[in-house]
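A short worksheet on the structure shown next.
The values are calculated or read from the model by the stated rules, or taken from the named source; none is laboratory data. Note that the structure is a prediction, hence the values are computed from the model and not measured. Cβ atoms come from the backbone with ideal geometry, glycine included; neighbour counts cover every protein chain shown.
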4 protein chains.
Amino acid sequence: MGRLRMAMVGGGPGAFIGPVHRRAAELDAAIELVAGAFTSDPKRAPDAAAFYGVDPARSYAAFQDMLDAEKKRPDGAEFVCIVTPNHLHWPVAKAALEAGFDVMSDKPATATAEEAHALQRLLAGMPKRLYGLTYTYTGYPLVREARTLCISGALGVIRKVVVEYSQGWLSTRAELENKQAAWRTDPARAGAGCTGDIGVHAFNLAEFVAGERVSSLCADVSTVVDGRALDDDCNVLIRFANGARGVLHASQIALGERNNLNLRIYGDEGALAWRQETPNELALTWADGRGETRHAGAGHLKTSGEGYTRLPTGHPEGYFEAFANLYRDFACARREGRTIETTLVPGIAEGVRGMEFVELAVTQSRKGWVEFRGGKQ
Amino acid sequence: MGRLRMAMVGGGPGAFIGPVHRRAAELDAAIELVAGAFTSDPKRAPDAAAFYGVDPARSYAAFQDMLDAEKKRPDGAEFVCIVTPNHLHWPVAKAALEAGFDVMSDKPATATAEEAHALQRLLAGMPKRLYGLTYTYTGYPLVREARTLCISGALGVIRKVVVEYSQGWLSTRAELENKQAAWRTDPARAGAGCTGDIGVHAFNLAEFVAGERVSSLCADVSTVVDGRALDDDCNVLIRFANGARGVLHASQIALGERNNLNLRIYGDEGALAWRQETPNELALTWADGRGETRHAGAGHLKTSGEGYTRLPTGHPEGYFEAFANLYRDFACARREGRTIETTLVPGIAEGVRGMEFVELAVTQSRKGWVEFRGGKQ
Amino acid sequence: MGRLRMAMVGGGPGAFIGPVHRRAAELDAAIELVAGAFTSDPKRAPDAAAFYGVDPARSYAAFQDMLDAEKKRPDGAEFVCIVTPNHLHWPVAKAALEAGFDVMSDKPATATAEEAHALQRLLAGMPKRLYGLTYTYTGYPLVREARTLCISGALGVIRKVVVEYSQGWLSTRAELENKQAAWRTDPARAGAGCTGDIGVHAFNLAEFVAGERVSSLCADVSTVVDGRALDDDCNVLIRFANGARGVLHASQIALGERNNLNLRIYGDEGALAWRQETPNELALTWADGRGETRHAGAGHLKTSGEGYTRLPTGHPEGYFEAFANLYRDFACARREGRTIETTLVPGIAEGVRGMEFVELAVTQSRKGWVEFRGGKQ
Amino acid sequence: MGRLRMAMVGGGPGAFIGPVHRRAAELDAAIELVAGAFTSDPKRAPDAAAFYGVDPARSYAAFQDMLDAEKKRPDGAEFVCIVTPNHLHWPVAKAALEAGFDVMSDKPATATAEEAHALQRLLAGMPKRLYGLTYTYTGYPLVREARTLCISGALGVIRKVVVEYSQGWLSTRAELENKQAAWRTDPARAGAGCTGDIGVHAFNLAEFVAGERVSSLCADVSTVVDGRALDDDCNVLIRFANGARGVLHASQIALGERNNLNLRIYGDEGALAWRQETPNELALTWADGRGETRHAGAGHLKTSGEGYTRLPTGHPEGYFEAFANLYRDFACARREGRTIETTLVPGIAEGVRGMEFVELAVTQSRKGWVEFRGGKQ
């Protein structure tokens, strides 16, 4: 019952999300990173090994070589995590799954909806393979508490959802200097811009927590900063299958916003509000007007006892710990031979919905507008 | 140089906004309420006089009688404030203006865009008459500071505007018991529902602060609570003439929200955020990432010295004091013989834009939507 | 049943608290300022009359003249409010009471504990006279809600009280230029410095809300800014008669603090926290760990129905409105012939306790300290 | 350049701080837990090994056995972390240091000031040995930013310090059921109560950030909950060597408080405020009245570039990450052969000051009080 062995694809020098996956995976001493195809540049592979504390011999330059080699080792990797730019998600996932590895993939599932459907079909033929998708924010303890409240009916009928994901880091042409910005604004590597990078997180979070599904939308997706190839602002009116209405807006040009993902859900018996930047609080209001605040780690949570927190209440946990909850659930399902659907980890179904949302929003943007002349004769 | 004499139309027993106008008008000892047609029920006129501290002989049952009588008195009212339900705004304003009184009217200007245009034409023929419209929120000191920042270019080019006005008081059918709710949800008296009652405040605030004008929109206006005759939820994508994009959402069924009007404006050099429920703070962020907070009453405000606050910083001022700023400016313009356009008090131009926004949003709602099937085959 | 007629002593040009009393008194249309001895400079009396909207003939240069003249008029003032610097509180109150006027006095009651005792003896001989003391902060709706919670036992046994009143406006020698600062730092006019100006507010608030009385203390009172004659910083350990312990600290040199009065009370069944700068919220926590927030104007308050707010919840009320609650209660008691003790308005008993607290803290400061050498041999 | 090998003493089943040290140490892939004397119960050693993901053969029942065995292994532990109850800190540190291991110890350094002095003397004779003390809160990025601001003189002369550490978890006799509460309220194992458990954190934080040293104090330390053997509430007036004055208060019976450690420092040119529960913000105010907020991870920090954060701004980091900064600095100093004084990690000097503060506060409590009779004759 030693640590579960993980191999990583992507995450080379300058990467943001690779080290996040490594820290999250290892946080509970249940998983250990043992190998990687961190970078396609063989000269940089040793540095990457040192950075990740991995045996240099197991730092490969090509992911297919890694899959082949690790498969043969008695102490070889047991699953693969994918942290490449979006355009490689599908080929790497396919190769890893076909080589018999379980997969934890960063979001979005793929670069296009078509690839997402292909991946879904592939997985349909491999019922034993685990495929998890790290929509990070679903791992926060109070997001899960919020979902439990919605699903259990504590808020009554869900009537309105307001979800926002605002950032300001691309309010100038950061892509000219910043590696992260460069690939995320490159159609060839990212697939989609703001809508695909963060709009899809907002979309997933809204559906995950509300327990209701979006059934129609009306979008305004645009590129604000001159010279940028992909969208950097995205505003969408949404309707849910149960009749609830909503607003989803995301931006990368909202100057001064850091990572302002927030969600409000209004039912007819209660309402909730959660903000990613202060993730350890969940604000509730009940029909009698009383406001209530729930705190991560406190005993009065509906989800207390689930182990989603690792510290007493009042000791802040954050992004790494939320991420680690996804790995914890994944490792647990693997150990117990359960499917991903038995956990709260998003899978390919959520991946497909996300990609379809992105493509529909982008292609259908700006329909249905009317001119407003207000007082002009 | 005694107190300016004011007469009120509306504001009878159970009214919300009448006493607000009275307190706001008298707050600076520059205006005095001396007469009123508070209620059309002659039996209740004495009680209303006592409530307002007005001579019972000057508490009239019909507004036309009041206008006639006050005109003849040497100590008669010098202007009229209108605080009736919306459907009476136009007839009362017309009568008062034609009788030679200046007017301060509660918003919206009228019950329909058609009436607003008629009022605009009437005023065009009376260049000396003052007509002010109490979009309350424009009176907050930090709203005016925010406007000054936008107009002066301190935020650079305005790129995105997010404005929200959420309330929860109509999340049940309060109109069955509550007088305020009853007229506000009655098509005959209110004209429009959520969009006209509060959406229009959000619209006005966005334009007032940004100093930019909405040029097109795409709306989703609906009635959530069964049995209600008017809309109670309103979500709108907006575009400004300068190219900025935006989101405006308002609701009366957002359970648990009290009076959550808030505004964010993102430029390419700075951004601002203001919330009505904590009105004495204005949050700014600059392009270098630093956050700054400005506080009402502090010496570092661009608008310090304008007298928009009456207390040292840290001593909370609120809704009455914001409202009083409109009356102060109105009284000042009147004393100095200036037009309303020389002040920050909204006038008929803003009234017309508001009514056109409401009608366009309501009539054009739900165009341009596309079905989202997300993963369904 | 017209408006109750008030005369003011003090409040001349440049005054802060005079206009506050005027606005607070008139806010509910139940009181009207009709006369004043605003300034001892006869040349400035007409300007003061104009500023306050008072008949110039009733703007007197000497308070004794005012008392004599108003007493004779059929429409003369019915009570006197005192808003002078501290050293005049006692002589003016004495003269007004002996002339048969009720009194509303700004705090502190007097400039010394000795005067406070004299005033208490004087009032003991006039059981019909009303004497109210405007410890402003006791007028906030949620302060009264908090008191009700403590008194009713909802928090259980009170165990700990933390009260703070921090300001930064005297962190430089503002007294060299600022009239307000000048008298407040002048021993002849103020009597005491930070402890008497704001420390006493904190003291009163703690006792008012907790419903428990301080029984011993240990103080550190000092003057931080060079050249200042009175104390500008005050830190006190306190014990209550019921065994509860506490901390009271106040400062005028806490740079950047505006008017940061805040109070926390911990019982064995619940706890509360209130902050003057966001006065419309009261935070509670219960023994089971749940946090609850109460909002001014909401129906779920224990004190709802008392009329302490004038607006729907979510519409900010502030300092003027809190102050007006004291005047409302005073006017009401006067109309109904009740004593001040039947209201929540502080009276001479609270005045005496306040002055004794100030004198004890200042004279007993710095006893009982021990040197800390920590690691030095 | 593999991972540095760590052995742990303490942290057995039910421990809070052991797993924290493990996660913090391993967060940056620079340290690996390889051995432990987690529990003195040999039956539980295998479970502890599994929990920590350590080879069962290296899970020892006695710390001396562990030191002996690991010293002989070629792949043996390179340093020891101590996470036992307080009474074992001194004997374990002594044994480890004498066996040639560097030490990272949880706070307080020892159970008594006498032991702290002994440890200090021992270390004085081993100039090459590293001894670090995990006063966790010094590891937060914005605490270090705050310290840099104070030390650099950006706030001017420090005049006042207010530091608080309030918890509510011992507001009932939790020690009857809760293992954590049991040892922390047991004189034999903890040494001191609230003052030693959390008051000392507040003390260390104040000195660490202000860069000034406490020189005298006046304390009120008491036991509120009946039947408890150690203090659970602690209020102290403090003076600094530079003349600044301050208030330190800590409590474990402040019902509803989670882990409310907060610090404010007022200089004559600026002021700062930091709260542990929202650790990624630092509020500043400057002499001109402007408020400024700094955010962890943002480029405008004075300490940006120091690597104290691992994520882009807006992605919350918390307690584990702060803790990991101490381990990162320790590992870095070890690798580079530097002393602990060249880092920001507290060492024995801070340990000695802490223990002396605790003993002085407890033994000198309740001196210098005066009775307050306020109005009683």
Looking at segment A:60-69, is at least one residue within 14 Å of another protein chain (Cβ to nearest Cβ) and at pLDDT below 95?
no
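Looking for something of a type in the set (Asp, Glu), at pLDDT below 95 and in contact with a helix residue (DSSP H, G or I) (Cβ under 7 Å, 6 or more places away or on another chain) - is there at least one such residue anywhere in segment B:28-50?
Within segment B:28-50, the first condition is being of a type in the set (Asp, Glu), and the residues that meet it are B:28, B:32, B:41, B:47.
The next check asks that each one be at pLDDT below 95; those that pass are B:28, B:32, B:41, B:47.
Next, from what is left, pick out any that are in contact with a helix residue (DSSP H, G or I) (Cβ under 7 Å, 6 or more places away or on another chain): B:28, B:32.
Yes.
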Filter segment A:339-352 down to residues that are out of contact with any Ser or Thr (no Cβ under 8 Å at 6 or more places or on another chain) and either closer than 17 Å to residue A:199 by Cα or within 12 Å of chain B (Cβ to nearest Cβ) (or both) and give me whichever is surrounded by the fewest Cβ atoms within 10 Å (Cβ to Cβ).
A:349
Is there a residue in segment C:233-253 that is closer than 22 Å to residue D:255 by Cα and among the acidic types (Asp, Glu)?
no
Looking only at segment A:241-264, count every residue that is more than 10 Å from chain B (Cβ to nearest Cβ) and more than 20 Å from the chain's Cα centre (by Cα) and tell me the total.
1
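Given the criterion within 23 Å of residue C:20 (Cα to Cα) and β-branched (Val, Ile, Thr), identify the matching residue among C:293, C:313, C:303, C:309. Show your work before the answer.
Numbers: C:293 fails: within 23 Å of residue C:20 (Cα to Cα); C:313 fails: within 23 Å of residue C:20 (Cα to Cα); C:303 fails: within 23 Å of residue C:20 (Cα to Cα).
After ruling out the rest, the residue left standing is C:309.
Can you tell me which residues in segment D:262-276 are touching a residue at least 24 places away in the same chain (Cβ under 8 Å) and more than 28 Å from residue C:365 (Cβ to Cβ)? First the steps, then the outcome.
Taking segment D:262-276 first, the residues touching a residue at least 24 places away in the same chain (Cβ under 8 Å) are D:262-272, D:274, D:276.
Listed by number, the residues that qualify are D:274, D:276.
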Give B:192, B:210 a once-over and let me know the one that is under 22 Å from the mean Cα position of the chain (by Cα), within 20 Å of residue B:134 (Cα to Cα), in the same structural domain as residue B:151 (by TED's automatic domain parsing) and modelled with pLDDT under 95.
B:192
Condition broken by residue C:235, with the remaining ones in (1) of a type outside the set (Lys, Arg); (2) at the interface with chain B (Cβ under 10 Å from one of its Cβ atoms); (3) touching a Lys or Arg at 6+ places or on another chain (Cβ under 8 Å) satisfied
(2)
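Rundown of residues vs (1) farther than 23 Å from residue C:139 by Cβ; (2) in the same structural domain as residue C:197 (by TED's automatic domain parsing); (3) among the hydrophobic types (A, V, I, L, M, F, W, C), yes/no style:
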{"site": "C:32", "(1), (2), (3)": "no, no, no"}
{"site": "C:36", "(1), (2), (3)": "no, no, no"}
{"site": "C:48", "(1), (2), (3)": "yes, no, yes"}
{"site": "C:58", "(1), (2), (3)": "yes, no, no"}
{"site": "C:65", "(1), (2), (3)": "yes, no, no"}
{"site": "C:76", "(1), (2), (3)": "yes, no, no"}
{"site": "C:81", "(1), (2), (3)": "no, no, yes"}
{"site": "C:87", "(1), (2), (3)": "yes, no, no"}
{"site": "C:103", "(1), (2), (3)": "no, no, yes"}
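Okay, residues lined up against (1) touching a Gly at 6+ places or on another chain (Cβ under 6 Å); (2) β-branched (Val, Ile, Thr); (3) within 10 Å of chain B (Cβ to nearest Cβ); (4) under 30 Å from residue B:362 (Cβ atoms):
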site	(1), (2), (3), (4)
A:290	no, no, yes, no
A:298	yes, no, no, no
A:302	no, no, no, no
A:308	no, no, no, no
A:314	no, no, no, no
A:335	no, no, no, no
A:354	no, no, yes, no
A:361	no, no, yes, yes
A:368	yes, no, yes, yes
Yes/no for residue C:257 being among the acidic types (Asp, Glu), modelled with pLDDT of 95 or more, under 18 Å from residue C:160 (Cα atoms) and in the same structural domain as residue C:309 (by TED's automatic domain parsing)
no
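To keep it simple, each residue is scored yes or no on (1) under 18 Å from the mean Cα position of the chain (by Cα); (2) not hydrophobic (A, V, I, L, M, F, W, C).
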site: D:289; (1), (2): no, yes
site: D:293; (1), (2): no, yes
site: D:308; (1), (2): yes, yes
site: D:319; (1), (2): yes, yes
site: D:343; (1), (2): yes, yes
site: D:348; (1), (2): yes, no
site: D:356; (1), (2): yes, yes
Limited to segment D:65-88, what total is found for residues that are within 22 Å of residue D:23 (Cβ to Cβ) and among the basic types (Lys, Arg)?
0
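A quick yes/no check of all residues on (1) without any contact (Cβ under 8 Å) to a residue 60 or more places away in the chain; (2) surrounded by 21 or more Cβ atoms within 10 Å (Cβ to Cβ); (3) acidic (Asp, Glu):
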| residue | (1), (2), (3) |
| --- | --- |
| B:316 | yes, yes, no |
| B:327 | no, yes, no |
| B:337 | yes, no, no |
| B:355 | no, yes, no |
| B:359 | no, no, yes |
| B:370 | yes, no, no |
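Could you pull out the residue among A:2, A:18, A:14 that is within 14 Å of another protein chain (Cβ to nearest Cβ) and under 26 Å from residue A:122 (Cα atoms)? Give the derivation first.
Working: A:2 fails: under 26 Å from residue A:122 (Cα atoms); A:14 fails: under 26 Å from residue A:122 (Cα atoms).
When all the criteria are applied, what remains is A:18.
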Tell me, please, whether a residue that is facing another protein chain (nearest Cβ under 7 Å), without any contact (Cβ under 8 Å) to a residue 40 or more places away in the chain and under 21 Å from the mean Cα position of the chain (by Cα) can be found in segment D:277-285.
yes
What number of residues within segment A:122-148 satisfy the criterion of being under 22 Å from residue A:317 (Cβ atoms) and part of a loop (DSSP other than H, G, I, E, B)?
2
All-but-one check, residue D:149 against (1) outside the structural domain of residue D:19 (by TED's automatic domain parsing); (2) closer than 24 Å to residue D:31 by Cα, failing number (2)
Can you find even one residue in segment D:115-124 that is without any contact (Cβ under 8 Å) to a residue 60 or more places away in the chain, surrounded by 19 or more Cβ atoms within 10 Å (Cβ to Cβ) and within 20 Å of residue D:330 (Cα to Cα)?
no
